[in-house]
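Presented below is the structure to which this report refers.
The values are calculated or read from the model by the stated rules, or taken from the named source; none is laboratory data. This is a predicted model, so every value here is computed, not measured. Every residue, glycine as well, gets a Cβ built from its backbone with ideal geometry; the counts of neighbours run over all protein chains shown.
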């Protein structure tokens with residue numbers, strides 16, 4: 001696997017980012033990890049012919065457990081920071097392409113992701129993302 005781009009973000013506690021993906025032909029696989037702090041990392045299967053389409057998994061990634069998570073192409077990705085000053089890194093298998101970016105609303109009632117947070121800090125862009133029922137997968 002070739003990684004062509006590395007990204008890093010720093011966030012305070014309760015910042016929620018996602019659920020993001022890039023459509024073909026600019027789809028990305030991501031290898032994610034926490035350098036400092038902790039996150040609840042979430043991946044949602046958006047491969048329309050998959051037996052697990054619309055299902056999600058979550059994993060706590062911390063500086064202590066040093067766990068990495070592979071997010072394959074065809075999965076939407078998001079995370080919630082669990083501590084202040086959390087530094088999150090991810091390696092990508094394709095370059096970012098603005099025209100191919102997509103998102104699904106983080107609190108979609110169909111997905112029912114258990115974020116376990118009352119009032120997360122969410123960007124306007126992520127708050128206005130389409131619902132899962134209005135989403136049409138290109139994967």
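Could we say that residue 88 is touching a strand residue (DSSP E or B) at 6+ places or on another chain (Cβ under 6 Å) and either buried (at least 18 other Cβ atoms within 10 Å of the Cβ) or in contact (Cβ under 8 Å) with a residue 60 or more places away in the chain (or both) here?
Answer is yes for this residue.
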Single residue of 112, 133, 98 found to be surrounded by fewer than 14 Cβ atoms within 10 Å (Cβ to Cβ), under 27 Å from residue 3 (Cα atoms), without any contact (Cβ under 8 Å) to a residue 60 or more places away in the chain and over 14 Å from the mean Cα position of the chain (by Cα): 98
Of residues in segment 71-82 being under 11 Å from the mean Cα position of the chain (by Cα) and farther than 19 Å from residue 138 by Cβ, the one surrounded by the fewest Cβ atoms within 10 Å (Cβ to Cβ): 80
Please determine whether any residue of segment 31-41 is farther than 26 Å from residue 119 by Cα, at pLDDT 95 or above, touching a strand residue (DSSP E or B) at 6+ places or on another chain (Cβ under 9 Å) and surrounded by 16 or more Cβ atoms within 10 Å (Cβ to Cβ). yes
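For segment 37-102, which strands (runs of 3 or more DSSP E) that fit wholly inside it have 3 or more residues that are under 24 Å from residue 121 (Cα atoms)?
Strands (runs of 3 or more DSSP E) meeting the threshold: 38-45, 56-62, 75-81, 86-92.
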